[in-house]
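Some notes on the structure that comes next.
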Amino acid sequence: MVVPKFDELFTTFLDYIKDEKEYNINDVVDYLAGVFNISEEERNKRYKQSGNLIFSNKVGWARLYLNKAGFIESPRRGKIKITKKGITIISTNKIIDRDIVEDNFTEENGISIITNEQDDMSTERTPDELFRENYEIIQQKLANELLDYVKNSSPEFFEKLVLDLLLKMGYGGTREDAGKRIGGTKDGGIDGIIQEDRLGFNNIYIQAKKWENKISRPELQKFIGALSDNNAQKGIFITTSDYTNEALETARRKNIVTINGTKLARLMIEFNIGITTKDIYEIKSIDADYFNEFN
C-alpha cells in the first residue's frame, strides 16, 4: 500500500489513543503501520539526505500538528495522551483533516507551518519533505546556471576549472605539480595528467571536451588508444555535454570514469568551485542521549 500523507494519519492516530491512556510514540507508529498496511520494506525506507525513516517521520509530523492543535499532550518524555479537546474533536468528526487541525492552532500553541499556496503539495508532503524538495530545485537551478557559465568559458579556462575541481577532490598533490602536467601534453587524445594521490604513486590521464554534441564511442576509443600507448591504467573523460549509450558501455569496460555536464556541475557545487555560499540553514533534531538521566 502507498504510504499515506501525514495529515491522513490524524483520524486513526486520535482514534487509537482516545481511551485517555498514555501511549509510547513507537506503539502509535506500529499501530498506524498495521492499519495502513505498511510493509516492513516501506517502514524501513529512509530519506537519502538525512537518513530518517520516512514513515516514522510522517507520524512525527502528525504528532506535532495534533499537539499544536491541542488535541494531544506529552505528559512525560516519550509519552503522549489525548486531551479533553482531542476527545471532543474525535467524537464530533468522522474525519480529522488538516483544515480542522490548523483551525485549532492558537497563538500560544500554534506554529508557523511551511505551506505551498500554488497547489496542494503541502498536504501531500511534510514540511521537511517540502524543504528537501525545494532545496533540490534550487540546487538544480544552480547546476544549470553553472553549466552555462562553463560552456561559455574558453578552452584554457575549462582546463583550469577541471584542474581546480580535481585538486579539491584530493587528486594531484600540490597545485604546482598538477599545473605542470594538465593541459600541456596533448598526446593523442590526452589533455592532461594528474596524480592520483599526494605521493604521486599513480597517474590519472584526463580528456576534457567542452562540447555540445554527445561524446560517441569513437571518441572514447581514441582516448583508450592513448591510454594504451602510455601504459596507463586509469582515465577520466570529462565533457560539458553527455555520452551515447555505446560510449558509456565502452568506458565501463575499460575502467574509464565518465563525467557529463550535469555531474560536472554537481561536483562543482559539492566542492565549491565557481560558487559562493549565500545562506546556510541548519535542520536540527533532539539529541535523546543528552536527556538520558542515567548517563
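See the values below:
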read-out	value
Subset of the stretch 265-295 that is within 17 Å of the chain's Cα centre (by Cα) and in a helix (DSSP H, G or I) - its residue that is surrounded by the most Cβ atoms within 10 Å (Cβ to Cβ)	ALA265
From the options LYS85, LYS81, LYS58, residue that is of a type in the set (Lys, Arg) and not in a helix (DSSP H, G or I)	LYS81
Residue list for the stretch 1-37, restricted to those being of a type in the set (A, V, I, L, M), over 24 Å from the mean Cα position of the chain (by Cα), assigned to a loop (DSSP other than H, G, I, E, B) and surrounded by 16 or more Cβ atoms within 10 Å (Cβ to Cβ)	ILE17
Which listed residue is buried (at least 19 other Cβ atoms within 10 Å of the Cβ), touching a Lys or Arg at 6+ places or on another chain (Cβ under 8 Å) and of a type outside the set (Phe, Trp, Tyr), from ILE215, ILE236	ILE215
Odd one out for TYR205 among (1) more than 28 Å from the chain's Cα centre (by Cα); (2) outside the structural domain of SER154 (by TED's automatic domain parsing); (3) of a type outside the set (S, T, N, Q)	(2)
Hits in the stretch 216-245 (condition: outside any loop (DSSP other than H, G, I, E, B), free of Cβ contacts under 8 Å to residues at least 40 places away in the same chain and either within 21 Å of ASN152 (Cβ to Cβ) or touching a Ser or Thr at 6+ places or on another chain (Cβ under 7 Å) (or both))	ARG217, LEU220, GLN221, PHE237, THR239, TYR243
Test: residue in the stretch 181-198 that is among the basic types (Lys, Arg), modelled with pLDDT of 80 or more and either in the same structural domain as GLY51 (by TED's automatic domain parsing) or farther than 26 Å from SER153 by Cβ (or both)	no
Residue in the stretch 44-54 that is under 15 Å from ILE96 (Cβ atoms) and surrounded by 16 or more Cβ atoms within 10 Å (Cβ to Cβ) present	no
Any chance ASN144 is buried (at least 16 other Cβ atoms within 10 Å of the Cβ), more than 15 Å from the chain's Cα centre (by Cα) and at pLDDT 80 or above	no
Every residue from the stretch 21-35 that is among the β-branched types (Val, Ile, Thr) and either touching a residue at least 24 places away in the same chain (Cβ under 8 Å) or under 7 Å from LYS79 (Cα atoms) (or both)	ILE25, VAL28, VAL29
The stretch 246-259: number of residues that are part of a loop (DSSP other than H, G, I, E, B) and either under 17 Å from PRO218 (Cβ atoms) or touching a residue at least 24 places away in the same chain (Cβ under 8 Å) (or both)	1
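The values are calculated or read from the model by the stated rules, or taken from the named source; none is laboratory data. Remember, it's a predicted structure, so these values are computed and weren't measured experimentally. Neighbour counts are summed over all protein chains in view; Cβ atoms, including those assigned to glycine, are modelled from backbone coordinates with ideal geometry.
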